[in-house]
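A quick write-up on the structure given underneath.
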């Protein structure tokens, strides 16, 4: 009890200090989490603005890319979820 009061009053870093208080550790974690959140939010806004610009400049190319990705995902999902129809391997159905 006495050691905890001294650590809290001295202002030691709770993360690196095993004797630090829980409140200090929580406050340090909150501040780091807030910094990370702000950084991620800023980066996602930049990416979103870049994507919007690309789509506005090249709408048909963006549609073609989206359709291609959807077709590939659909093909892979169909092959994985289709199941075996015969005793042969999955790739022999298409040959």
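The values are calculated or read from the model by the stated rules, or taken from the named source; none is laboratory data. Predicted model, so just to flag it, every value in this text is computed and none were measured. Cβ sites come from the backbone with ideal geometry, for glycine too, and all protein chains shown count toward neighbours.
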Options 65, 54: the member that is assigned to a helix (DSSP H, G or I) and in contact with a helix residue (DSSP H, G or I) (Cβ under 8 Å, 6 or more places away or on another chain): 54
Single match in 47, 76, 40 (criterion: at pLDDT 95 or above and loosely packed, with under 11 Cβ neighbours inside 10 Å): 40
